[in-house]
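The values are calculated or read from the model by the stated rules, or taken from the named source; none is laboratory data. Given the structure is predicted, the values throughout are model-derived calculations rather than measurements. FYI the Cβ positions are ideal-geometry reconstructions off the backbone, even for glycines, and counts take in every protein chain you see. The protein model used for the area step is the full one, side chains on, heavy atoms only, and it has no ligands, DNA or RNA in it. Shrake-Rupley method; radii C 1.70, N 1.55, O 1.52, S 1.80 Å.
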Amino acid sequence: MCGIVGAIADRDVVPVLIEGLKRLEYRGYDSAGIAVIDGRDVRRVRRTGRVAEMEAAAGQEGFNARLGVGHTRWATHGGVTEANAHPHISHGVALVHNGIIENHEEQRERLRQLGYEFESQTDTEVIAHLMHHYLKQGNDLLAALQRTVKELTGAYALAVVSRAEPERMVCARMGCPLLIGLGEGENFVASDVSAIIQATRQVIFLEEGDTAELTRTSVRVFDGDDQLVQREVHLSDVSLASLELGPYRHFMQKEIHEQPRAIADTIEATIDGGFLPTLFGANAEAVLKDVEGVQILACGTSYYAGMTARYWIEAIAGLPCSVEIASEYRYRAAYANPKHLIVTISQSGETLDTMEALKYAKSLGHQHTLSICNVPESAIPRASELVCYTRAGAEIGVASTKAFTTQLAALFQLTVVLGKLHGRISEEEEAGYLEELRFLPGSVQHALNLEPQIALWAERFAPKSDALFLGRGLHYPIALEGALKLKEISYIHAEAYPAGELKHGPLALVDADMPVVVIAPNDKLLEKVKSNMQEVRARGGELFVFTDQDSNFSESEGVHVIRTPRHAGVLSPIIHTIPVQLLAYHTALARGTDVDKPRNLAKSVTVE
Ligand code: G6P
């Protein structure tokens, strides 16, 4: 969703801001803008559409400045118009904002009475006017910001510049991530490390309620009580290569192909040292031993990872496990069992609904929380007692791929650790699980080798308007994930059902025009799935079956089969994710959609 970048330097910052905004494009946005302090003037350019259009406009205006802020906006308050795009300006103060100000209407009324006029429908414009109001009262830029944020309820990451103080920039964080990048004689602010990684790797993650002041050569951070504080400097491990496309056509394709590496990195510690509770934090052993069940909360693809984990946790760790969509859980009078571990799953670590569900669970009395996340220092892991970072590396494609399979790898490790701590797993079983994990990256690579065959199938899917995905047991969530991937990026309407449920409704949809994808690995449910497939064939439906090398299956009229390598046992859902990702990708490619930035979607969903 929205993205922030700001820079103060002894060189022209316009290229830094533009490059930063381009690196934030993946988050999803619909307008972009920059404001720079040029001499004693604030100059601004904003455009709806792509950053490239805004860049061209800035080029024509001949922008050149040593201080400025930039923003990509994903519309919430007010439509997609230039007037609503950030930065917003009030009497020489320019600012960019991520988040939502809940009391903006009340502030707007108050500011109107003070004589301020509004040019946009955004909640953000009230912050610009409030800043000016406090500057007019004699506060300097930092003090004005510290006064302003105390008037705001809601969530914000803010970066502010003023023509009256061309030697500094100020920023603030509450509920939305914001970090400071430390350069040599130059400093930066960004909502996401990828926006500034070309300039520096040294970063300070602001904490909730922090404000900060940046000059070219200094950074001062203040806590929520406006007290000067020291915050740790981190060396970011996000690599520039992970943000570049390389030889691939799309980030999604690149990220699908990065999965063997991403999974290998995520399971590395377990392969080296076995299934140890320390993977989830220093005091994980005591916590995980104490819990009597698991409640998983997540959204989107992460929710499907949670659904898969439920099968593992109940079958292997012998603990009750529920999974719920975070946006549902947070608004219902849920029955809380404080002995149950709350597990949030989020690739971004920022999803508002998941964050709010976590807070709600705590308010219901849950004391033990664990976050599985791909972005270090993001909000959800910071609010959790235990954390396991997946090591997928930066994921740029909006449709999640490697983040999903690494979440599954992390959840499997959690399952075995829980099983061990609760005495449900023998040494022999543990050794078997370790062996299966060891094979996993190689098996994923084999599944990737199916790409040419799957691309041929995709040609047949491209003209369709609907598709049905079926799976059973552990593979039902993978059918759901396959349908989600297809609709997200190819815009084909796709639904997934547990294959046994077919006859209770969706069978009415089946005809020769409806391709039916079946995930049918060689497990104990295979014969059941085969019967469900007969139900489809008998109604003229065409079947596209993903199965394993060792399953007894043959192609026949209307039944197409692609075989993944040998049956991967309990980790089979991870292997069977690869073909459904590739099918969605190649179908989207054949339909010519914007694979990495599908319409209306965003990578980090920081609104309700
Ligand atoms: C968005 C993304 C999805 C993601 C979902 C949950 O919709 O486009 O790919 O699955 O949010 O995000 P999270 O970061 O919490 O996993």
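Before moving on, here are some points about what is shown:
- Per residue, region 382-523 exposes an accessible area of 35 Å² to a 1.4 Å probe, with every protein chain left in place.
- Test item: Cα-centred dipole of region 524-608, Lys/Arg +1 and Asp/Glu -1 on Cβ, debye: 100
- For region 286-389, size of Cβ-based charge dipole, Lys and Arg +1, Asp and Glu -1, in debye: 140
- The translational diffusion coefficient of region 332-451, from Stokes-Einstein at 10 °C and 1.306 mPa s with a Kirkwood hydrodynamic radius over alpha carbon pairs, comes to 99 µm²/s.
- Computed on region 312-392, the Cα convex hull volume stands at 93 Å³ per residue.
- Alpha carbon convex hull of region 243-333, projected area averaged over orientations, nm²: 8.7
- The shape of region 525-564 can be summarised by an equivalent ellipsoid whose semi-axes, obtained from the alpha carbon gyration tensor, come to 17, 12, 7 Å from longest to shortest.
- Each 10 Å bin, from zero up to the one with the longest distance, holds this percent of the alpha carbon pairs of the chain: 3, 17, 25, 24, 17, 10, 4, 0, 0.
- Projected-area average for region 534-608 over all orientations - Cα convex hull basis, square nanometres: 8.3
- Residues with amide H under 5 Å from that of residue 561, placed H, sequence gap 5 or more: 545
- Charge dipole magnitude, Cβ of K and R +1, D and E -1 - the chain, Cα centre, debye nearest 20: 560
- Peptides 71-80, 573-582, 372-381 ranked from most to least packed by the mean count of surrounding Cβ atoms within 10 Å: 573-582, 372-381, 71-80.
- Label sites at residue 282 and residue 105, each approximated as a point 7 angstrom past Cα along Cα to Cβ, lie 4.7 nm apart.
- Heavy-atom accessible area per residue - region 91-211, 1.4 Å, Å²: 35
- To put it simply, the accessible area of region 76-169 at a 1.4 Å probe is 45 percent carbon and sulfur.
- Rg(Cα) / (2.2 N^0.38 Å) computed for region 448-525, rounded to two decimals: 1.09
- Among the GluC sites (Glu not before Pro) in region 514-599, those located in a DSSP loop and surrounded by at most 14 other Cβ atoms within 10 Å of their own Cβ are 555, 557.
- Charge sum, other residues only, whose C-beta stays under 12 Å from residue 516's C-beta, Lys/Arg counted +1 and Asp/Glu -1: -3
- Remark on region 1-66: ratio of C-alpha radius of gyration to 2.2 N^0.38 Å is 1.05.
- Taken over the Cα atoms of region 378-440, the convex hull encloses 96 Å³ per residue.
- A Förster distance of 60 Å, applied to the separation of the beta-carbon atoms of residue 289 and residue 151, puts the FRET efficiency at 0.85.
- Residue 150 accessible area, 1.4 Å probe, all protein chains in place, Å² to nearest 10: 120
- Span-like helix ranges in the chain, DSSP H, alpha carbon extent 27 angstrom or more, Kyte mean at least 0.0: 402-421, 572-591
- Partners for residue 289 among aspartates and glutamates (Cα-Cα distance below 18 Å; same-chain residues under 8 apart left out): 314, 385, 427, 430
- Each of 236, 468, 81 was scored by the projection of its Cα onto the charge dipole of the chain, and the greatest displacement toward the positive side belongs to 81; charges sit on the C-beta of Lys, Arg, Asp and Glu.
- Among 298, 505, 284 the positive-end extreme of the charge dipole of the chain (Cβ point charges): 505
- Since only 573, 28, 549 are under comparison, the one whose Cα sits farthest along the positive direction of the charge dipole of the chain, derived from C-beta charges on Lys, Arg, Asp and Glu, is 28.
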